[in-house]
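Report on one structure; see the data block that follows.
The values are calculated or read from the model by the stated rules, or taken from the named source; none is laboratory data. Just so you know, these numbers come straight off a predicted model, no measurement behind them. For neighbour counting, all protein chains shown are included, and Cβ atoms are generated from backbone atoms with ideal geometry for every residue, glycine included. Note: areas computed on protein heavy atoms with side chains; ligands, DNA, RNA excluded. Shrake-Rupley method; radii C 1.70, N 1.55, O 1.52, S 1.80 Å.
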Amino acid sequence: MLILAIESSCDDTAAAVFDGKEETVLANVVSSQNEIHARFGGIVPELASRCHIEMIWPVVREALDQAGVSLDEVQLISATQGPGLVGSLLVGFTFAKSLAMVRGLPCVGVDHMAGHILSSMLEQERPEYPYTALTVSGGNTSLFSVASAVEYSRMGRTRDDAAGEAFDKVAKLLELGYPGGPVVSRLAEDGDPKAITFPRAWLGKDSLDFSFSGLKTAVMNYVHKLRQKGEPLKIADICASFQEAVVEVLVTKTVNAARANSHTRIALGGGVASNQRLRTLMQQACDREGLSLFVPRPAYCTDNGAMIALAGWYHYQAGRRVEWDDDAYSRSPLN
Amino acid sequence: MADSLILAIETSTGCGSVALTRGTLQQGRVLAEYTHRPDLSHSRRLLGSVREIMTASRLGWDQLDAVAVSLGPGSFTGLRIGMAAAKGIAMAAGLPLFGVTSLDGLACQCPPAGCQLCVLLDARKEQVYGAFYDAAAPGGNPQRRGEILGCTPEELSRLISEPTLMVGPGLEVYQESFAANPLITLVSPALIQPRAAMIGFLGAELLAAGTESTPAGLAPLYVRASEAEINLAKKKAADAASR
């Protein structure tokens, strides 16, 4: 079964063509809006929506062309229904529903979180069920117990900022541009992760929730103090020490969650899952604990259509369909 | 193509409308039209309405000649929902897609009054979207004169120096702003609301005129920049002034 998937929950317009039977990605196209939002230092929802309405047609066309598939051959439409920016979601979701309605095809509305939870299943080396998933991006930081392709229960989530949001805010503070996450990680490579002791928020012994706003404030205070004294900022050390504080908490809590679930497998998803330091420390922890780690390639970590196709395919088989007048939603029932 | 069959979508205000039309305003007819007034999100009724008029008219997608959609101005999110639906339908059915200005559709609903028309929509933030139209010649549509404006009702009123028939849903909110100008005759806003049928008729004219359909990059007429862009421009101007 050939699946066309559309994702427009935030600032990327994405489409993918996926072969459900073979479970292979035939095309995965993403149109990024980074340049448009960079001058505002963050995502402007109205501008994101304006881009989506202009990009949706060419991105879907490009995905079909790259896959060498005509619309006549598509048998299932899958689209992100939420969570995210509603104005953005509505463009892709409405376009997808319209395609399906006219073509007489089934249409599945996918939860964006399900896409990230399942994204490691897009790789050759994929986890068996059950597994523990950490989804970590600019919008979310959550831990899930994954029982099957369509059953996930949340174990913990961030109480304030998402991890990726903290990276972006620190980058803004250090005037490193937008999006800041990748720049912070790159600069951190030349820094000492132990140079500055930033706080780790553990939130109680057994808590699997996260909190990154205190860490962000600690970095701000540290930087402001040095700036007031007129002392030079060791940017690489700040980035490395900040990143270490984030990654250490992510790794420890994810391993604790797997242990609490008696799971032997951990999977990562979301834009921050492509952070090299997170991958390295998570792998070391898994080796130590006898756990298997599954991390998708970076193109499947950041927002993409392939994961929405896969999740749509699983949910289709579980009998899920959208009605033509179903609405997009901003908050995930999974989260 | 004078009697072309058009599926039209108009979502520039809270009142969403879909229609099937045959032909143009002067020589055509409305086959079916659903216009919803309650304040329910367009995403929760638009496609269901499209399906209903197609079913009620016993028409297949392959019988359509084109899709027409309101370009606005109007509610940004409403316009994008309508346009996303129109683009999806056009791609899936392999049909040309034409955009029609929402104000033009409103102007077409006015009977010839022998004077100029001023059509307006609520733009929120104490502003209106407005445009002026020459009185329709016999057998013709009202012709828009000049740019589409985004301004306060007072600014719009000051532009009026000849007898003018003023119409459109913008009057629901700003009627009082025009009451003092003796040149203006107000038409009850309940009479003239956005109708997809008008978008369909004007779309048929574009199709008949051989207008090229460019669905890929088609975008709403926003008239106004986003708040973020306005604020950034203000900040830059302030920075430049303080230097």
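Once every DSSP H run of n ≥ 4 in chain A is given -39500 (n - 2.57) and the sum is divided by its residues, what mean residue ellipticity at 222 nm do you get, rounded to the nearest 500 deg cm²/dmol? Walk me through the intermediate numbers first.
Details: 11 runs with 147 residues, N = 335.
The per-residue figure over chain A is -14000 deg cm²/dmol.
In Å², and per residue, what accessible area does chain B have when probed at 1.4 Å with the other protein chains present?
Roughly 43 Å² per residue, with all protein chains present.
So what are the ³J(HN,Hα) numbers for region B:130-139, from phi and the Karplus equation (6.51, -1.76, 1.60; θ = phi - 60°), rounded to whole Hz, Gly and Pro as x?
x, 8, 9, 10, 6, 4, 5, 6, x, x
Could you sort A:Tyr300, A:Tyr222 by their accessible area in this structure, using a 1.4 Å probe and putting the largest first?
Greatest to least solvent exposure: A:Tyr222, A:Tyr300.
Can you put B:Tyr133, B:Tyr174 in order of accessible area, largest first, using a 1.4 Å probe?
Result, largest first: B:Tyr174, B:Tyr133.
With everything on Cα atoms, drop me the angle between helix A:163-173 and the longest principal axis of chain A, reported from 0 to 90° to the nearest 10.
Between the helix axis and the principal axis of chain A, the angle is about 60 degrees.
How much accessible area is lost when chains B and A come together, counting both sides, with a 1.4 Å probe, in Å² rounded to the nearest 100?
2900
What does the charge count around A:Pro58 come to, taking other residues whose C-beta lies under 14 Å from its C-beta (Lys +1, Arg +1, Asp -1, Glu -1)?
Computed value for this residue: -2.
Amide H to amide H under 5 Å from B:Ser75: which residues, 5+ apart in sequence or cross-chain, H placed 1.01 Å off N in plane?
B:Thr13
Pop out the carbon and sulfur fraction of the accessible area of chain B as a percent, whole number, probe 1.4 Å.
51
Note the angle between two axes, namely the Cα long axis of helix A:86-103 and the longest principal axis of the Cα atoms of chain A, as a number of degrees from 0 to 90, rounded to the nearest 10.
20
Using a probe of 1.4 angstrom, how much of the accessible area of region A:124-295 is carbon and sulfur, in percent? The partial results should precede the final answer.
On the way: 3680 of 7850 Å².
Summing carbon and sulfur atoms, their accessible area is 47 percent of the total for region A:124-295.
Once R0 is set to 22 Å, what does the formula 1/(1 + (r/R0)^6) return for the Cβ-Cβ distance between A:Ser330 and B:Glu154, expressed as a FRET efficiency to the nearest 0.05?
Values: r = 37 Å, r/R0 = 1.67.
My answer for the efficiency is 0.05.
Take every DSSP beta bridge with both residues inside the protein assembly as shown and express the antiparallel ones as a percent of the total, to the nearest 5.
60
Just to verify a number: what accessible area does A:Trp202 come out at with the full protein assembly present, 1.4 Å probe, Å² rounded to tens?
Counting only protein heavy atoms, the figure is 100 Å².
Evaluated at 10 °C with a viscosity of 1.306 mPa s, what Stokes-Einstein diffusion coefficient in µm²/s does the protein assembly as shown have when Rh comes from the Kirkwood expression over alpha-carbon pairs?
Taking Rh from Cα pairs, D becomes 61 µm²/s.
Tell me the accessible surface of B:Glu147 in square angstrom (1.4 angstrom probe, heavy atoms of protein chains only), to the nearest ten.
Counting only protein heavy atoms, the figure is 150 Å².
For region B:85-105, state which residues have at least 10 Å² less accessible area in the presence of all protein chains than in their chain by itself, taking the probe as 1.4 Å and leaving out ligands, DNA and RNA.
Hits at the 10 Å² cut-off: B:Ala85, B:Lys87, B:Gly88, B:Ile89, B:Met91, B:Ala92.
Hey, got the average number of other protein chain Cβ atoms within 10 angstrom for residues in A:100-106? Walk me through the intermediate numbers first.
Values: counts 3, 10, 14, 5, 2, 1, 0.
Per-residue shielding by partner chains comes out at 5.
With a 1.4 Å probe and every protein chain left in place, work out the accessible area per residue of region A:3-99 in Å², rounded to a whole number.
With all protein chains present, region A:3-99 gives 30 Å² per residue.
Between A:Lys234 and A:Arg259, what is the label-to-label distance in nm when each label sits 7 Å out along the Cα-to-Cβ direction?
Distance between label points: 3.2 nm.
Read phi for every residue in region A:216-229 and hand back ³J(HN,Hα) as whole Hz from Karplus 6.51 cos²θ - 1.76 cosθ + 1.60, θ = phi - 60°, with x for Gly and Pro.
Using θ = phi - 60°, the values come out as 4, 5, 4, 5, 4, 4, 4, 5, 4, 4, 5, 5, 4, 6 Hz.
Tell me the accessible surface of B:Glu126 in square angstrom (1.4 angstrom probe, heavy atoms of protein chains only), to the nearest ten.
140
About its Cα centre, how strong a charge dipole does region A:124-295 have in debye, to the nearest 20, once Lys and Arg get +1 and Asp and Glu get -1 at the Cβ?
300
How much of the DSSP bridge set in region A:47-165 is antiparallel, in percent, rounded to the nearest 5? Don't skip to the answer; put the middle values down first.
On the way: 12 of 17 bridges.
The antiparallel fraction comes to roughly 70 percent.
How much of the pair distance distribution for region A:124-295 lies past 24 Å, counting alpha-carbon pairs only, in percent?
When all Cα pairs of region A:124-295 are counted, 34 percent exceed 24 Å.
State to the nearest 20 debye the size of the charge dipole of chain A about its Cα centre, where the only charges are +1 on K and R beta carbons and -1 on D and E beta carbons.
Rounded to the nearest 20 debye, it is 1060 debye.
Determine the percent antiparallel among the DSSP beta bridges restricted to chain A, to the nearest 5.
60
All other residues with a Cβ under 14 Å from the Cβ of B:Pro142 taken together, and with Lys, Arg as +1 and Asp, Glu as -1, what is their net charge?
Cβ neighbours under 14 Å give a net charge of -1.
Sorted by accessible area with a 1.4 angstrom probe, largest first, how do B:Thr35, B:Thr24, A:Thr13 fall?
B:Thr35, B:Thr24, A:Thr13
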